[in-house]
1. Going by the structure shown, is residue 147 in contact (Cβ under 8 Å) with a residue 40 or more places away in the chain, farther than 23 Å from residue 40 by Cβ, under 15 Å from the mean Cα position of the chain (by Cα) and assigned to a helix (DSSP H, G or I)?
2. Out of 137, 155, which single residue is within 21 Å of residue 48 (Cβ to Cβ) and either modelled with pLDDT under 90 or part of a helix (DSSP H, G or I) (or both)?
3. Loosely packed, with under 10 Cβ neighbours inside 10 Å, out of contact with any strand residue (DSSP E or B) (no Cβ under 6 Å at 6 or more places or on another chain) and more than 17 Å from residue 56 (Cβ to Cβ): does that describe residue 166?
4. If the Cβ limit is 7 Å and pairs must be 6+ apart or interchain, which residue in segment 156-182 that is without any contact (Cβ under 8 Å) to a residue 12 or more places away in the chain pairs with which residue that is in a loop (DSSP other than H, G, I, E, B)?
């Protein structure tokens, strides 16, 4: 069987492309990666923030923070809008938060039971745990979680229906002059 030059080059190109793409097929992907430019986070940090946002706004008869992807919003806002110092303080505070959860419950925050999580958050809010980075982490996460939820499509279409400015026009409303003035 003879092979001409074109066929050999075509097969070589096909084998080279396959060899270049083959390692990506065996790469194990864990979790839902969030594309960030300025922050480097691991799966544990991502899970911790997701569980914290779900603890702040749980799912009840209405969707919670998980359904509106509040944790992704927090990461993107930090990555895009926070200064480098604030990002450093946030990550340092996150480490202290997880350490506080381990000392309070013996496990990472993501593996604590919901009552243990809530008691830890109450302790932080009542200022029983005083640390600037921990407070910065918690207050930033809480503020951005609430912002993510209140600016979500669900909230703006089902809870507080958003109307574009200038709002409605009522053309059939009679105008009355104030008492004592002629119309």
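1. Answer is yes for this residue.
2. Working: 155 fails: within 21 Å of residue 48 (Cβ to Cβ).
Among 137, 155, only 137 is within 21 Å of residue 48 (Cβ to Cβ) and either modelled with pLDDT under 90 or part of a helix (DSSP H, G or I) (or both).
3. Against the criterion (loosely packed, with under 10 Cβ neighbours inside 10 Å, out of contact with any strand residue (DSSP E or B) (no Cβ under 6 Å at 6 or more places or on another chain) and more than 17 Å from residue 56 (Cβ to Cβ)), residue 166 qualifies.
4. Close Cβ pairs (under 7 Å, with a partner that is in a loop (DSSP other than H, G, I, E, B)) amount to 156/162; 177/183.
For (1) under 12 Å from the mean Cα position of the chain (by Cα); (2) over 21 Å from residue 91 (Cα atoms); (3) modelled with pLDDT of 90 or more, each residue gets a yes or a no:
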position	(1), (2), (3)
32	yes, no, no
37	no, no, no
45	yes, no, yes
58	no, yes, yes
63	no, yes, yes
68	yes, yes, yes
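The values are calculated or read from the model by the stated rules, or taken from the named source; none is laboratory data. From a predicted model like this one, the values you see are computed outputs, not experimental measurements. Heads up, the Cβs are rebuilt from the backbone with ideal geometry, glycines too, and the neighbour counts pull from every protein chain shown.
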